[in-house]
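Undergrad: Can you keep this structure in mind? I'll have questions shortly.
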Amino acid sequence: MENLASYISINPEIRFGKPCIQGTRIAVSDILEWMASGMSREEILNDYPVLQDDHLTAALSFAANRESFIKIIPTYANLAFA
């Protein structure tokens, strides 16, 4: 399998700079939303034939990696809901 990051591109001229699958206008967030709504990998691949299974894996990997960099800084407002 190729480097998964090579499947993701960020171009300010495409989808306002959202991370997309290389060569498409399909954003990583689109794939995550489809999966979160219950679509299976097979359904996504059938509905969007330009995508390959590696693209879906790359989108998940990209999102997981980005999530690892997010830090939540507790504030008084956050503590009030704890």
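The values are calculated or read from the model by the stated rules, or taken from the named source; none is laboratory data. Keep in mind it's a predicted model, so treat the numbers as computed, not measured. Positions of Cβ are backbone-derived with ideal geometry, glycine not excepted, and every protein chain shown enters the neighbour counts. To get the accessible areas, we keep the full protein, side chains included, count just its heavy atoms, and leave off ligands, DNA and RNA. Shrake-Rupley method; radii C 1.70, N 1.55, O 1.52, S 1.80 Å.
Undergrad: Residue by residue through region 51-66, note down the ones that are polar (S, T, N, Q) and within 15 Å of Glu33 (Cα to Cα).
TA: Correct list: Thr57, Ser61.
Undergrad: Okay, moving on. Any residue in region 27-47 that's more than 14 Å from Leu60 (Cβ to Cβ) and among the charged types (D, E, K, R): show its pairings with residues that are part of a helix (DSSP H, G or I) and open to solvent by less than 50 Å² (accessible area, probe 1.4 Å) at Cβ separation under 9 Å, as long as the two are six or more apart or on different chains.
TA: What qualifies is Glu43/Trp34; Asp47/Trp34.
Undergrad: Moving on. Enumerate the helices (runs of 4 or more DSSP H) found wholly within region 3-82, keeping only those where 3 or more residues are at pLDDT 95 or above.
TA: Hits in region 3-82: 28-36, 41-47, 53-67.
Undergrad: Do you know which residues across region 1-30 are open to solvent by 60 Å² or more (accessible area, probe 1.4 Å) and of a type in the set (Asp, Glu)?
TA: If the condition is that a residue be open to solvent by 60 Å² or more (accessible area, probe 1.4 Å) and of a type in the set (Asp, Glu), then Glu2, Glu13 are the ones that fit.
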